[in-house]
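Report on the following structure.
The values are calculated or read from the model by the stated rules, or taken from the named source; none is laboratory data. All values derive from a computational prediction rather than experimental measurement. Backbone-built Cβ (ideal geometry, glycine too); neighbour counts: all protein chains shown.
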């Protein structure tokens, strides 16, 4: 029963973490071409999104717990490991690429001279995170499915 709960929570939180990342990816083609003033205005929509960090932490913890509980179950463990690594990699991308841009632009309230290159770095780091979140979700689904007995 505990393992079922952990599987459910993993799927829930990884899916919830993917939602805002996917939103960033889907809006990228339109936002990347916006002029300076319009881009800065649009970026204000993200105020408060930092609270989604709770969802990412929950996804990381749920996949870690599943990984630990799935030890000894080869198929499930391998997929759970892939999901956990992808969630960790989203954090690497955030702290190495996205967060420094947030600081340089004071969360897009100030646009320095190199704002165009910062925009590309910010947008494409979010696109990379969306891809990693999608791979994490697919891996987690595969993990859960590999643990489900197949009826004859």
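Rundown of residues vs (1) on the phi > 0 side of the Ramachandran plot; (2) surrounded by 15 or more Cβ atoms within 10 Å (Cβ to Cβ); (3) out of contact with any helix residue (DSSP H, G or I) (no Cβ under 9 Å at 6 or more places or on another chain), yes/no style:
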residue	(1), (2), (3)
20	no, yes, no
25	no, yes, no
35	no, no, yes
47	no, no, yes
58	no, yes, no
64	no, yes, no
72	yes, no, yes
77	no, yes, no
80	no, yes, no
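Just checking, does region 111-119 include any residue being at negative phi, under 14 Å from the mean Cα position of the chain (by Cα), surrounded by 15 or more Cβ atoms within 10 Å (Cβ to Cβ) and free of Cβ contacts under 8 Å to residues at least 24 places away in the same chain?
No, every residue in region 111-119 fails to be at negative phi, under 14 Å from the mean Cα position of the chain (by Cα), surrounded by 15 or more Cβ atoms within 10 Å (Cβ to Cβ) and free of Cβ contacts under 8 Å to residues at least 24 places away in the same chain.
Give the number of residues within region 34-59 that are more than 22 Å from the chain's Cα centre (by Cα) and either at pLDDT below 95 or part of a helix (DSSP H, G or I) (or both).
Adding up the residues that qualify gives 6.
Quick one: which of 144, 101 is over 22 Å from residue 23 (Cβ atoms), surrounded by 17 or more Cβ atoms within 10 Å (Cβ to Cβ), in contact (Cβ under 8 Å) with a residue 12 or more places away in the chain and in contact with a helix residue (DSSP H, G or I) (Cβ under 7 Å, 6 or more places away or on another chain)?
Every option except 144 fails the conditions.
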